[in-house]
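The values are calculated or read from the model by the stated rules, or taken from the named source; none is laboratory data. Everything numeric here is computed off the predicted structure, so don't read it as measured data. Positions of Cβ are generated from backbone atoms using ideal geometry, with glycine treated the same way; all protein chains shown enter the neighbour counts. In case anyone asks, the SASA skips ligands and DNA or RNA and just uses the protein heavy atoms, side chains included. Shrake-Rupley method; radii C 1.70, N 1.55, O 1.52, S 1.80 Å.
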Amino acid sequence: MTRANDNGGFQVLEIIHPDRRTLPVLVSSPHSGRHYDPFFLGMTRLDSQAIRRSEDAFVDRLIAGVPALGAPTIAALFPRAWIDVNREPGELDCTMFEGRMSAAPGHNSPRVRAGLGIIPRVVAGGAEIYRSRLPVAEAERRIASCYAPYHAALEHLIDETRHLFGAVGLIDCHSMPSAPPACAGEPVDFVLGDRFGTSCAPAVSQAATEALQAQGAMVRRNNPYPGGHITRRYGRPELGVHAIQIEVDRRLYLDQTAVEPNTGMAATARLLETAILAIAQVVHTLDPPLNRTLHKAVPAGGDSA
């Protein structure tokens, strides 16, 4: 069964439920959206290919087999260049907008200064997105129509899964350009981010690492991607919520010039599923927290993805 959230005529997110829930995990893809409507394209100075540089292209296809394994998936259908749900709500660059904001931005983080706030000013590589400043009402509209529904749906899935199984593994899936700077000179297929051991039980990260390595994959932990806002916000291992970010090297499944899947798509999806199943097996064995309330406070700071 598929459930989607509608935004003025187009779906903003897609949730795919399994016929039967058997795994205590859920899988998200916040950056694979590729619906570029004419309104947005009319705002940008970039062509239809350049605007896609920030996409985690086709990660939603990499996780398409997960519902058949017994777990739900959630994916944004709007592009990351439109609004980034893996940022904190207050990470807004005021210089991008005309008018007065109803609420002051939370903090001027390094990401915001680099143009990579909740509403990005640039795509990957630093190319400016917009021809001119945007009305402040546009920022508020995107947050209300895309950002808020995505997080509301994600929170619901977390609560639902935790209620069913006692504990939940949130697997946040992304893709990375080949040979990230911090890994130069070494082949890296996957980077697992657990906020340096704070967003999930150590056994969760270890199980995913070992499962991938057993298939011959090269794996790093937290370098250079320790997990972004989603991992940080929802990861509460003491409350039974174990969040981990998985970055997949795009060369494994994508023609990075044409931005189209290559012949490695199916094999990479199977590798990712191996890690997801390993995480689910560990979460099944973890003792659920007793008499604890799941708080959704949003701590500040941290790195991005």
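When you check residue 103 against the structure, is it modelled with pLDDT of 95 or more and among the small types (Gly, Ala, Ser), yes or no? Here the answer is no, as residue 103 does not meet what is asked.
Without any contact (Cβ under 8 Å) to a residue 24 or more places away in the chain, on the phi < 0 side of the Ramachandran plot and crowded, with 21+ Cβ neighbours inside 10 Å - does that describe any residue in segment 111-122? Yes, segment 111-122 has at least one match. Look at (1) modelled with pLDDT under 95; (2) exposed (fewer than 15 other Cβ atoms within 10 Å of the Cβ) and you find that residue 286 fails only one, number (2).
The single condition among (1) surrounded by fewer than 22 Cβ atoms within 10 Å (Cβ to Cβ); (2) out of contact with any His (no Cβ under 8 Å at 6 or more places or on another chain); (3) modelled with pLDDT of 95 or more that residue 125 does not satisfy is (3).
Restricting the first member to segment 55-68 and to residues that are of a type in the set (Val, Ile, Thr), and the second to residues that are open to solvent by 30 Å² or more (accessible area, probe 1.4 Å) and modelled with pLDDT under 95, no beta-carbon pair is closer than 9 Å while six or more apart or on different chains. Among the helices (runs of 4 or more DSSP H) confined to segment 141-255, the ones with at least 1 residues that are surrounded by fewer than 16 Cβ atoms within 10 Å (Cβ to Cβ) are located at 148-165, 202-214.
The single condition among (1) among the hydroxyl-bearing types (Ser, Thr, Tyr); (2) open to solvent by less than 20 Å² (accessible area, probe 1.4 Å); (3) farther than 24 Å from residue 153 by Cβ that residue 132 does not meet is (2).
Count of segment 50-89 residues, restricted to those that are in a loop (DSSP other than H, G, I, E, B), basic (Lys, Arg) and open to solvent by 20 Å² or more (accessible area, probe 1.4 Å), is 1. Being modelled with pLDDT of 95 or more and more than 22 Å from residue 164 (Cα to Cα) holds for only one residue in 61, 20, and it is 61.
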